[in-house]
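Worksheet: one structure, shown below.
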Amino acid sequence: MGKSVATVEQEVQQTLTMPVLTPYKMGRFHLSHRMVMPPMTRQRSWNNIPQPHAAVYYSQRATKGGLIISEATVISEAARGYKDTPGIWSKEQVEAWKPIVDAVHAKGGIFFCQIWHVGRASTYEYQPNGQAPISSTSNGLKPQVQANADEPAKFSPPRSLTADEIPQVLDQYRLAARNAMEAGFDGVEIHGAHGYLLDQFMKDHINDRTDQYGGSLENRCRFALEVVEAVANEIGADRVGLRLSPYADYLDSGDSNPTALGVYMAESLNKYGILYCHMVEPRMKLSEESFETTESLVPMRKAFRGTFIVAGGYDKEDGNKAVAENRTDLVSFGRLFLSNPDLPKRFELNAPLTKHNRSTYCLPDPVVGYTDYPFLENTA
Ligand SMILES: Cc1cc2nc3c(=O)[nH]c(=O)nc-3n(C[C@H](O)[C@H](O)[C@H](O)COP(=O)(O)O)c2cc1C
């Protein structure tokens, strides 16, 4: 039996008022809906050069007025920690990004580049001249169990960056941001989440410094805020976002007072007037598992004056609820976008969703698990 007229009318009404499908003005960008595709590393950029298959992948997920944030993109050779992640420090990489950015723009999408330094989550093999990876500490990372690998990932012991060396790293962030603009991106998202370099400075379970970059909350956040300032001065604050995960324990990060950390960062960002703050929910302590918790991002949402984006474990129902209750402006849907290239359309039509396949996340294949997730019929 078909649906009754009343049921269809009810569904249409729900869609018309579906909060994540309403428009939003994010600074200069007119978003036609609030569903963000967050950064997702896919390890298909051979030798750190973005490849043509990425143009297919991103353009499949692009919508007119929809925001996409690229997979984490390394700012220098020393910033690398994983195989075949894209870079943005060389002319060749900038040229390789251009057709990918063009493909997203051709669909009317807005495309930000997530810029990344892994810090101690690296090994000698990735470092120039086999040096030690840099961090806020000389304490190494324990081997980490990986989502789709049999063997735990091993890391080389890092060396603690001296305060004198910080300006060189700031320069790498500046160059990456400038290069991202040269490649045509609409802006950059600084990766300050998930236990990578900036998080290694912010979190007190890792940072054991006694200089002006360690100790107090203000000191631990200094480096991340210097990066924000440097990048904002380079390309304009209205094109800069920052991603943070104060509650996450990923890569042995973790902080004794994540709420204070998140609120301090949210308040401090107001000084620089950056476009958005992209925060990972407290329930996402590890990379993919969701925990029950009473903690929330509302204090950070209230403290930050720019656009707020939440991420971590969202589905249609609670994404809509978060927007309806004004707990956020925009909502990231990571794995749902990975396996549903036409996700906003599926939400609109109340269509079933395809489940993601973890074993193919980072498979070195230009198609499988990457561009072969199905579209709804006749909507590709
Ligand atoms: C395959 C994969 C790769 C990811 N890579 C990144 C990344 O490069 N940068 C980042 O900040 N987060 C990364 N994440 C985290 C996602 O952006 C997102 O926060 C996470 O998947 C939780 O959201 P979800 O429940 O909607 O999937 C990745 C997640 C997945 C599944």
Fill in: Residue check, Tyr276 within 22 Å of Phe308 (Cα to Cα) and aromatic (Phe, Trp, Tyr)
yes
Worksheet item: Do you know which residues across the range 327-362 are open to solvent by 20 Å² or more (accessible area, probe 1.4 Å) and of a type in the set (Ser, Thr, Tyr)?
Response: Thr354, Ser359, Tyr361
Discussion item. Between a residue in the range 344-361 that is more than 22 Å from Leu67 (Cα to Cα) and any residue that is within 16 Å of the ligand (Cβ to nearest atom) and open to solvent by 40 Å² or more (accessible area, probe 1.4 Å), which pairs come within a Cβ distance under 6 Å, given they are 6 or more apart or on different chains?
Written reply: Arg358/Ala147; Arg358/Asn148; Ser359/Asn148; Thr360/Val368
Worksheet, complete the sentence: Apart from one, (1) farther than 30 Å from Lys271 by Cβ; (2) touching a strand residue (DSSP E or B) at 6+ places or on another chain (Cβ under 9 Å); (3) basic (Lys, Arg) all hold for Arg327; the odd one out is (1)
Worksheet item: When only residues in the range 252-311 that are farther than 20 Å from Val188 by Cβ and basic (Lys, Arg) count, which is farthest from the chain's Cα centre (by Cα)?
Response: Lys302
Discussion item. Within the range 291-358, considering only helices (runs of 4 or more DSSP H) that don't extend past its boundaries, which have at least 3 residues that are near the ligand (Cβ under 10 Å from one of its atoms), modelled with pLDDT of 95 or more and of a type in the set (A, V, I, L, M, F, W, C)?
Written reply: 334-339
Discussion item. I'd like the full set of residues that are open to solvent by 20 Å² or more (accessible area, probe 1.4 Å) and charged (D, E, K, R), limited to the range 24-52.
Written reply: Lys25, Arg28, Arg34
Worksheet entry | Check on Tyr57, of a type in the set (Ser, Thr, Tyr) and open to solvent by less than 10 Å² (accessible area, probe 1.4 Å) | yes
Discussion item. Looking only at residues that are hydroxyl-bearing (Ser, Thr, Tyr) and under 17 Å from the mean Cα position of the chain (by Cα) in the range 80-119, which one is least open to solvent (accessible area, probe 1.4 Å)?
Written reply: Thr85
Worksheet entry | Checking Thr63 against (1) away from the ligand (no atom under 16 Å from the Cβ); (2) surrounded by fewer than 21 Cβ atoms within 10 Å (Cβ to Cβ); (3) hydroxyl-bearing (Ser, Thr, Tyr), the condition it does not meet | (2)
Worksheet item: Are any residues in the range 7-21 at pLDDT 75 or above and out of contact with any His (no Cβ under 7 Å at 6 or more places or on another chain), and if so, which ones?
Response: Thr17, Met18, Pro19
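Residue-wise test of (1) of a type in the set (Val, Ile, Thr); (2) surrounded by 11 or more Cβ atoms within 10 Å (Cβ to Cβ); (3) at pLDDT below 95.
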site	(1), (2), (3)
Ser122	no, yes, no
Gln127	no, yes, no
Ser136	no, yes, no
Pro143	no, yes, yes
Asn148	no, yes, yes
Glu151	no, no, yes
Lys154	no, yes, yes
Arg159	no, yes, no
Worksheet item: Which condition breaks for Pro167 when tested against (1) surrounded by fewer than 16 Cβ atoms within 10 Å (Cβ to Cβ); (2) within 16 Å of the ligand (Cβ to nearest atom)?
Response: (2)
Worksheet item: Of the numbered conditions (1) part of a loop (DSSP other than H, G, I, E, B); (2) aromatic (Phe, Trp, Tyr); (3) within 10 Å of the ligand (Cβ to nearest atom), Tyr370 satisfies every one except a single condition; which is it?
Response: (3)
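The values are calculated or read from the model by the stated rules, or taken from the named source; none is laboratory data. Everything numeric in this text was worked out from a predicted model, so none of it was measured. Virtual Cβ from ideal backbone geometry, glycine too; neighbours counted across all protein chains shown. Ligands, DNA and RNA are excluded from the accessible area calculation, which covers all protein heavy atoms including side chains. Shrake-Rupley method; radii C 1.70, N 1.55, O 1.52, S 1.80 Å.
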